[in-house]
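Visitor: First the structure, then my questions, so here it is.
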Amino acid sequence: MRNYLPPIICGVCGVIMMLHFFLPENTMLYKTMMEWVTNSTIVVGVFGLFIGLASLVHNHGNRIARRSPGWGYSVITLSFTAIVALTGIISQNVGPSVVSKPLEKYNYDNRKNQDHTLITHTLFGYKDETYKTNLVAAASSDAPEMKGEEITVRKVPLFMFFYNYVIMPMGATTFSLLAFYMITATYRAMRAKSWEASLLLISSIIILIGQVPIEEIPLIGKWIMGHAQLIVYMSLILYILYAAMKQFFSRNFITCGILSASAALIGVIWYYTPADVDFEAMKSIILNYPNNAAKRGILIGVQLGSLATSIKILSGIEKPYMGGRG
Amino acid sequence: MASGSPNIYGPKQNFWQRHYRPLIYLLTLVCVVGGTLTRLPLSLSVSDATQGVFDTLEKLPELRAQDIEKQQALLAEKLEEAKTNSGPDLQKEIAAIKDKIARLQMNPKGVVLVCIDFDPSTEAELGPMAHAFIRHCFSRGVKVLVNTGGNVMSQPLAQNIISASATEGALMKKNKYDFMEDGTDYVFFGFRPNAFQLYLQMGENILTAYETDYAGHDLTLLPIMRGIRNFSDIDMVFSISGYVGSPETWITVGNTKFGKPVALGQVAISASDYYPYIQSKQICGMLPGLRGAAEYEGACGSPPRATGRMWAQLYTHTFAILLIIIGNLEFFFKGFKRRKV
């Protein structure tokens, strides 16, 4: 039974999920099925949450019990899991007050002819540029009491306080470290070691320049933008001629001839390129043609692969949900 | 020299070769800080992908008017048919069409569903585009429905963005708008597990998919929901996502199944994955990364949240290009010796 029941459940659910794409939408069967499936997935999702939590507690609990290397981190993980869960459960009225300042007080709800006080709050004082701080609005009758220039906003819910002032900065900081690694990687890895690497290099430079308004760089920005074609085509031609010269000295005259002809062909393409093609236009060409062609091929391949895998799972040939057993 | 990774220069090293990594980190920091502190205006041309999103939103009232006209023509046809055949099925159909017309007329400027599906790690790129798009909706009188699809951590972020956008209207230089009220001008549904199923259920009936909003209010009691029942009452979907798979779900459900215009907001690194969908017209446009957000801000006159951050991106990209050039010059001058990287 343990081997047969899960594939049957999986197959039936899979067929139901497929059916809704073929059933007419206004039928009672469709509506009932959709409601049942939605409710079921919510229940399964909640169970998944509990399983995830149990797994987290089990794994980190074991590390703490065995005093495995780095067990202190497990203590921190479990403590903060409990703390964040608690902050979400306790009352919305519990939380710290933050110092704030009223920005403007005016009637800006014309439909109801109602005054609102626009106030900002941050952890360390306030900023006048509201779009950089947490902005809240309160009806004037509910606005907090003024104490000199500063006011105290009503309590910020503890969960939102944690989210805004702990989770947000930490998440952003961790991800922003990528920028530093990527910059050193560009220096170490992006070198014209081969013909393919050179193509990648030139495309990436075009995309990098096309993604920013390079003309705003003082002194050289406007020149770079005005000579986009010269920079790109001349880099390509010089590189190909350099490769041709190497082939010539290695006495590979046919390869040398092919490369020289390629350089001439690029020169012809340059001649016929419209004058208004700048880095942004080149970026669009790369993204819309070579990129699309490659992506479309990958997408079709991936979809055919997932179709085959889905059929195998639904028909019970593959059972990843049983850990590959059965 | 930072430890833990192989040295690319071998045993004989000069100062740069010994310390290039911390020096690059330091200069990157200077670029980011310098860019963040730069307060100059920035002119950006608007790409076709961004323009597609902007134009679709601008045309929503027109689309809705066309939809109402279509339904009225269908109603007239059915009423004509009812003169010769007064069966119960036909009467039900007529009632359904009348109901549909009434719902469409409740929101003549249109209704947009915004799916905010990112966490703090990608907020720097995606937050500004969410702000700019929602503000654009409010300034045009479009009703906004907000949900989160793939990650429960997006919920508080979405709540921050929607409530800030609702109050910021009066501070905008262009396209000012009144204070937007929760439950009347916008609603935030929050998170439910299994996005694909959820979106399908929303296509059938939003009230059974969510039942309450994020704050726990019964959806049936909210004024905004009087004119919105399912996807047929929504004119456009805008999915802002930092996760793999989320936009594909919207393309499959929102566009392929329910035929609604879908627009995407993507981090720059994933944006190239979705250009094929623009060409095949499965999405009406896309905001690619911070640049897309800055272009959109320029197009709709929002406060320069993303445009301000573009300076940091400009300096850092320029620095990266310089490093590539320096690295390659170094490579060429030293000849094609094989090195371990």
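Visitor: I want to confirm something. Restricting to the range B:9-62 and keeping residues that are of a type in the set (Gly, Ala, Ser) and outside any loop (DSSP other than H, G, I, E, B), which single residue is farthest from B:Leu264 (Cα to Cα)?
Guide: Looking at residues that are of a type in the set (Gly, Ala, Ser) and outside any loop (DSSP other than H, G, I, E, B), I get B:Gly34.
Visitor: Can you name every one of the helices (runs of 4 or more DSSP H) wholly within the range A:230-326 that holds 1 or more residues which are modelled with pLDDT of 90 or more and under 33 Å from the mean Cα position of the chain (by Cα)?
Guide: Of the helices (runs of 4 or more DSSP H) lying wholly inside the range A:230-326, those with at least 1 residues that are modelled with pLDDT of 90 or more and under 33 Å from the mean Cα position of the chain (by Cα) span A:279-288, A:290-314.
Visitor: Given the conditions (1) assigned by TED's automatic domain parsing to the domain that holds A:His20; (2) modelled with pLDDT under 90, and given that A:Arg67 satisfies all but one, which numbered condition is not satisfied?
Guide: (2)
Visitor: Same structure, new question: Identify the residue in the range B:217-230 that is surrounded by fewer than 21 Cβ atoms within 10 Å (Cβ to Cβ), within 25 Å of the chain's Cα centre (by Cα) and outside any helix (DSSP H, G or I) and, among all such residues, is farthest from the other protein chains (Cβ to nearest Cβ).
Guide: B:Leu222
Visitor: Then there is this: Which one of A:Met28, A:Met34, A:Met1 is more than 21 Å from B:Val152 (Cβ to Cβ) and surrounded by 10 or more Cβ atoms within 10 Å (Cβ to Cβ)?
Guide: Matching residue, one of A:Met28, A:Met34, A:Met1: A:Met34.
Visitor: Can you confirm whether the range B:247-265 contains a residue that is out of contact with any helix residue (DSSP H, G or I) (no Cβ under 9 Å at 6 or more places or on another chain), in a loop (DSSP other than H, G, I, E, B) and surrounded by fewer than 22 Cβ atoms within 10 Å (Cβ to Cβ)?
Guide: no
Visitor: Which is touching a Ser or Thr at 6+ places or on another chain (Cβ under 7 Å) and more than 17 Å from B:Ile325 (Cα to Cα), of A:Ala244, A:Ala261?
Guide: A:Ala244
Visitor: Considering only the range B:203-216, state which residues are within 11 Å of chain A (Cβ to nearest Cβ) and in a loop (DSSP other than H, G, I, E, B).
Guide: B:Asn205, B:Glu211, B:Ala215, B:Gly216
Visitor: What are the residues in the range B:195-217 that are in contact with a Gly (Cβ under 9 Å, 6 or more places away or on another chain) and of a type in the set (Val, Ile, Thr), if any?
Guide: Passing the criteria: only B:Thr212.
Visitor: Can you spot a residue in the range B:114-121 that is within 25 Å of the chain's Cα centre (by Cα), closer than 30 Å to B:Met310 by Cβ, assigned to a helix (DSSP H, G or I) and modelled with pLDDT under 95?
Guide: Yes, that holds for at least one residue.
Visitor: Could you list, in sequence order, all residues of the range A:234-270 that are more than 30 Å from B:Val46 (Cβ to Cβ) and of a type outside the set (A, V, I, L, M, F, W, C)?
Guide: Within the range A:234-270, A:Tyr239, A:Tyr242, A:Lys246, A:Gln247, A:Ser250, A:Arg251, A:Asn252, A:Thr255, A:Gly257, A:Ser260, A:Ser262, A:Gly267 qualify.
Visitor: Give the residues of the range B:231-270 that are at pLDDT below 90, more than 13 Å from the chain's Cα centre (by Cα) and closer than 19 Å to B:Gln155 by Cβ, sorted by residue number.
Guide: Result: B:Gly245, single match.
Visitor: Quick one: count up the residues across the range A:184-225 that are assigned to a helix (DSSP H, G or I), β-branched (Val, Ile, Thr), closer than 23 Å to A:Met282 by Cα and facing another protein chain (nearest Cβ under 9 Å).
Guide: 5
Visitor: Among the numbered conditions (1) more than 10 Å from chain B (Cβ to nearest Cβ); (2) touching a residue at least 40 places away in the same chain (Cβ under 8 Å), tell me where A:Ile237 comes up short.
Guide: (2)
Visitor: List, please: which pairs have Cβ atoms under 7 Å, are six or more places apart or on different chains, and start with a residue in the range B:259-279 that is within 17 Å of B:Thr122 (Cα to Cα) and end with one that is of a type in the set (Asp, Glu)?
Guide: As it stands, the answer is B:Val267/B:Glu125; B:Ala268/B:Glu125, since those pairs meet every condition given.
Visitor: Does the range B:316-334 include one or more residues that are part of a helix (DSSP H, G or I) and more than 11 Å from every other protein chain (Cβ to nearest Cβ)?
Guide: Among the residues of the range B:316-334, at least one is part of a helix (DSSP H, G or I) and more than 11 Å from every other protein chain (Cβ to nearest Cβ), which makes the answer yes.
Visitor: Which residues, counting only those in the range B:163-202, are outside any loop (DSSP other than H, G, I, E, B), closer than 18 Å to B:Asn230 by Cα and facing another protein chain (nearest Cβ under 8 Å)?
Guide: Of everything in the range B:163-202, those that are outside any loop (DSSP other than H, G, I, E, B), closer than 18 Å to B:Asn230 by Cα and facing another protein chain (nearest Cβ under 8 Å) turn out to be B:Gln197, B:Leu198, B:Leu200, B:Gln201.
The values are calculated or read from the model by the stated rules, or taken from the named source; none is laboratory data. Since the model is a prediction, treat every value here as computed from it, not as a measurement. All Cβ positions, even for glycine, are placed from backbone atoms using ideal geometry, and neighbour counts span all protein chains on display.
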